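Reviewing the structure listed below.
Readers should treat all values here as calculations from the given coordinates under stated rules, not as data from a laboratory. The structure presented is a predicted model; accordingly, all values stated were derived computationally and were not measured. Ideal geometry is used to build each Cβ from the backbone, glycine not excepted, and the neighbour counts take in all protein chains shown.
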């Protein structure tokens, strides 16, 4: 069962983050941040998930390793499995985790 206090903390964090983002100047030349309007390009040869639960981890890895035109290095399912444990450790032990 989901802990109501945890959900409230997560909701509050997202609300605070949204307010902080609204205060930031647009540091780019993009006319907007509506990604639905951006041109899309398929990049072949990227690692892909083979299960139904790792999509977020793959996305985070893509973001971390993307140079703007390619991945700075490739990664494997073994790397994702290790990253899953590392991310859980980092979140649980973070100073920002008020529920630890």
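Overview of results
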read-out: Fraction of alpha-carbon pairs over 16 Å apart in the chain - percent; value: 73 percent
read-out: Order of 38, 66 under a 10 Å beta carbon neighbour criterion, fewest first; value: 38, 66
read-out: Ranking of 44, 61 by count of other Cβ atoms within 10 Å, fewest first; value: 44, 61
